[in-house]
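Since the structure comes first, as structure tokens, the remarks are kept for the end.
The values are calculated or read from the model by the stated rules, or taken from the named source; none is laboratory data. Just so it is clear, the structure is predicted and the values come from calculations on it, not from any experiment. Heads up, the Cβs are rebuilt from the backbone with ideal geometry, glycines too, and the neighbour counts pull from every protein chain shown.
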Amino acid sequence: DQQVKQNSPSLSVQEGRISILNCDYTNSMFDYFLWYKKYPAEGPTFLISISSIKDKNEDGRFTVFLNKSAKHLSLHIVPSQPGDSAVYFCAARQGAQKLVFGQGTRLTINP
Amino acid sequence: NAGVTQTPKFQVLKTGQSMTLQCAQDMNHNSMYWYRQDPGMGLRLIYYSASEGTTDKGEVPNGYNVSRLNKREFSLRLESAAPSQTSVYFCASSEGRYNEQFFGPGTRLTVL
């Protein structure tokens, strides 16, 4: 059973606009959430994270929102730039050692 | 610092052949991980090692073995490769309270 789900396989956004990537989870024991970005032929790189005791974390153009009651988190990128085109994975910390990843969303920023 | 390195970058095997994927990290991290990435499946954990001398199964361990050779190195072995093991394999390491993992560049494996 998929504990972390990214229901949109792909998203296309115009340059300069806001990109919103969504992620849902089922396990209420998850206490820390992360977003990773992946370019083709490279490994994922850490982007931003949020603790379950917070509802928002911001880092430059990237903001992650957490809605615990809905078991939903989202990543906002504003303004979107061509270099943001990549696959984005959300992940949740399970216990002390493991991360559970979603399926990924391919973001394409159009000029 | 090289971070996390993986060898080889690409490999083609025939069904039944064996091979070992190598991973090394120079960040002095205690924890290391092996994932596979398949289309539409995200990253799935194969095995992990919380510290030198320990290994544990992840979500999809069948058909794989691992060795934590020392603090730096964590290898993944396929004893008898099957076409279902065609995938991209990523190694990662982490340290600290929040388990932010650092990934290698991946090994693309094809089993014919």
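Summary table
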item: Number of positions in region B:31-67 that are touching a residue at least 12 places away in the same chain (Cβ under 8 Å) and either part of a loop (DSSP other than H, G, I, E, B) or among the β-branched types (Val, Ile, Thr) (or both); result: 14
item: Residues that are hydrophobic (A, V, I, L, M, F, W, C) and either out of contact with any helix residue (DSSP H, G or I) (no Cβ under 6 Å at 6 or more places or on another chain) or assigned to a loop (DSSP other than H, G, I, E, B) (or both), drawn from region B:79-112; result: B:Ala81, B:Ala82, B:Val88, B:Phe90, B:Cys91, B:Ala92, B:Phe102, B:Phe103, B:Leu109, B:Leu112
item: Candidate set: region A:89-107, residues that are of a type outside the set (Lys, Arg) and without any contact (Cβ under 8 Å) to a residue 24 or more places away in the chain; chosen: the one farthest from the other protein chains (Cβ to nearest Cβ); result: A:Gly95
item: Residue that is surrounded by the most Cβ atoms within 10 Å (Cβ to Cβ), among those in region B:1-29 that are in a loop (DSSP other than H, G, I, E, B) and either touching a Gly at 6+ places or on another chain (Cβ under 9 Å) or among the basic types (Lys, Arg) (or both); result: B:His29
item: Among residues of region A:15-63, those that are in a strand (DSSP E or B), among the β-branched types (Val, Ile, Thr) and touching a residue at least 40 places away in the same chain (Cβ under 8 Å), counted; result: 1
item: Residue in region A:71-88 that is within 13 Å of chain B (Cβ to nearest Cβ), under 12 Å from the mean Cα position of the chain (by Cα) and more than 24 Å from B:Glu95 (Cα to Cα) present; result: yes
item: Among (1) out of contact with any Pro (no Cβ under 9 Å at 6 or more places or on another chain); (2) more than 14 Å from chain B (Cβ to nearest Cβ); (3) not aliphatic (A, V, I, L, M) - the single one A:Arg17 does not satisfy; result: (1)
item: Residue ID - farthest from A:Lys5 (Cα to Cα), chosen from residues in region B:45-70 that are surrounded by fewer than 17 Cβ atoms within 10 Å (Cβ to Cβ) and of a type in the set (D, E, K, R); result: B:Glu52
item: Boolean, B:Tyr98 is modelled with pLDDT under 95 and aromatic (Phe, Trp, Tyr); result: yes
item: Residue within region A:94-107 that is over 24 Å from B:Ser49 (Cα atoms) and surrounded by fewer than 20 Cβ atoms within 10 Å (Cβ to Cβ) present; result: yes
item: Selection from region A:27-44 of residues that are within 26 Å of B:Thr107 (Cα to Cα) and facing another protein chain (nearest Cβ under 7 Å); result: A:Leu34, A:Glu42, A:Gly43, A:Pro44
item: Every pair of residues 6+ apart whose Cβ atoms lie under 9 Å, when the first sits in region B:80-96 and is closer than 19 Å to B:Gly106 by Cβ while the second is among the charged types (D, E, K, R) and part of a loop (DSSP other than H, G, I, E, B); result: B:Ala81/B:Lys14; B:Ser94/B:Glu100
